[in-house]
Amino acid sequence: MKKIIKKTNLTFVTFFGTGYIKIASGTFASLFTSIIFFYLFRLYISILNFPFICLILLLVFTYSLYAIKNIENEFEEVDARQIVIDEVVGQAIPILFIEYIAYLQTQSFGADLYLYVVSFILFRFFDIFKFFPIKYFDKNYKNSFGILFDDVLAGIYTLIILLFLVFVTT
């Protein structure tokens with residue numbers, strides 16, 4: 001049973017193997033997250049199930065804390081490049097908000113593609129360059145919380161810039 005749990009957690013934290021991509025696995029995880037949400041919001045998500053999607057993201061964050069801790073001995077580093085669930089959570093934060101703003105403006109989901117592209121670029125920028133306090137959490141919390149929270153902060157920074165762009169351009 002422990003092997004099954006560990007294998008499940010490895011699949012989860014590597015976002016179904018995306019973390020094993022040799023080059024830019026975090027970038028690919030962010031990109032796949034953006035693409036998945038882009039199509040989900042166009043095809044399946046309504047205002048009725050939007051709160052459920054937000055709850056799922058909260059559950060993914062919470063479960064990630066456990067799953068990362070559970071597989072910590074699988075890789076040479078604590079914050080191994082194979083662990084990309086943090087990019088998924090971080091990238092999802094601004095996407096959920098831009099979709100909600102799109103809904104408030106148009107009464108339907110399906111934010112413009114350019115917002116997804118800008119969200120992706122900004123998130124990767126903040127995740128790579130780690131401005132304060134992102135770098136603080138990345139350097140000082142070498143555990144599952146630190147692995148996740150620096151990307152949550154990058155997602156929040158991305159959201160702040162996106163909100164500014166949306167309100168300036170509308």
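Brief remarks follow.
- Candidates Ile56, Ile93, Ile121, ranked by Gaussian network fluctuation over the chain, Cα under 10 Å, top entry: Ile56
- Overall form of region 118-170 per C-alpha gyration tensor (a/c, 1.5; a/b vs b/c): prolate
- Translational diffusion of region 31-115 was estimated from the Stokes-Einstein equation, with Rh taken as the Kirkwood radius over Cα pairs; at 25 °C and 0.890 mPa s the coefficient is 174 µm²/s.
- Loop-located trypsin sites (Lys or Arg not before Pro) in region 1-60 (DSSP state other than H, G, I, E, B) with a sparse environment of at most 13 neighbouring Cβ atoms within 10 Å: Lys22.
- Longest segment of the chain lacking GluC sites (Glu not before Pro) that sit in a DSSP loop with at most 12 other Cβ atoms within 10 Å: 78-170
- Acute angle (nearest 10 degrees) that the helix 2-13 long axis makes with the longest principal axis of the chain, alpha-carbon atoms: 40
- Residue-normalised accessible area of region 1-68, given per residue in Å² at a 1.4 Å probe: 64
- Computed over region 72-170: relative contact order in percent, which uses C-alpha pairs under 8 Å that are six or more apart: 38
- Share of alpha-carbon pairs per 10 Å distance bin for region 1-62, given as whole %: 19, 39, 33, 9
- When the inverse distances between all different Cα atoms of region 72-164 are averaged and flipped, the Kirkwood radius reads 13.8 angstrom.
- FRET efficiency estimate (nearest 0.05) - Cβ-Cβ, Ile156 to Arg42, R0 22 angstrom: 0.30
- Length released on extending from Leu31 to Arg81, taking residue separation times 0.36 nm less the Cα-Cα span: 16.5 nm
- Nearest 10 degrees, 0 to 90: helix 85-106 Cα axis against the chain principal axis: 10
- Mean shadow area of the chain over all directions, Cα convex hull, nm²: 10.1
- Above-threshold pairs, the threshold being 29 Å between Cα atoms, out of Lys3/Lys142; Lys2/Lys130; Lys22/Lys69; Lys22/Lys139; Lys69/Lys135; Lys69/Lys139: Lys2/Lys130
- Axis angle, to the nearest 10 degrees, between helix 144-169 and the longest C-alpha principal axis of the chain: 10 degrees.
- Residue-span extension gain [Val168 to Lys69] - 0.36 nm each, minus C-alpha spacing: 31.5 nm
- Spacing of the modelled spin labels on Lys3 and Asn143, each 7 Å from Cα toward Cβ, amounts to 3.1 nm.
- Within the assembled protein chains, the solvent-accessible surface assigned to Ser30 is about 0 Å², based on a 1.4 Å probe.
- Extension gain for Gln105 to Val117 (0.36 nm times residue separation, less C-alpha to C-alpha distance): 2.4 nm.
- Distant-in-sequence amide contacts of Phe15, defined by a placed amide H-H separation under 5 Å and a gap of 5 or more residues or a different chain, comprise Val84, Ile85.
- Percent carbon-and-sulfur accessible area, the chain, ignoring ligands, DNA and RNA, probe 1.4 Å: 71
The values are calculated or read from the model by the stated rules, or taken from the named source; none is laboratory data. Please read these numbers as outputs of a predicted model, since none were measured by experiment. Every residue, glycine as well, gets a Cβ built from its backbone with ideal geometry; the counts of neighbours run over all protein chains shown. Please note that ligands, DNA and RNA were not included when accessible areas were found on the heavy atoms of the full protein model with its side chains. Shrake-Rupley method; radii C 1.70, N 1.55, O 1.52, S 1.80 Å.
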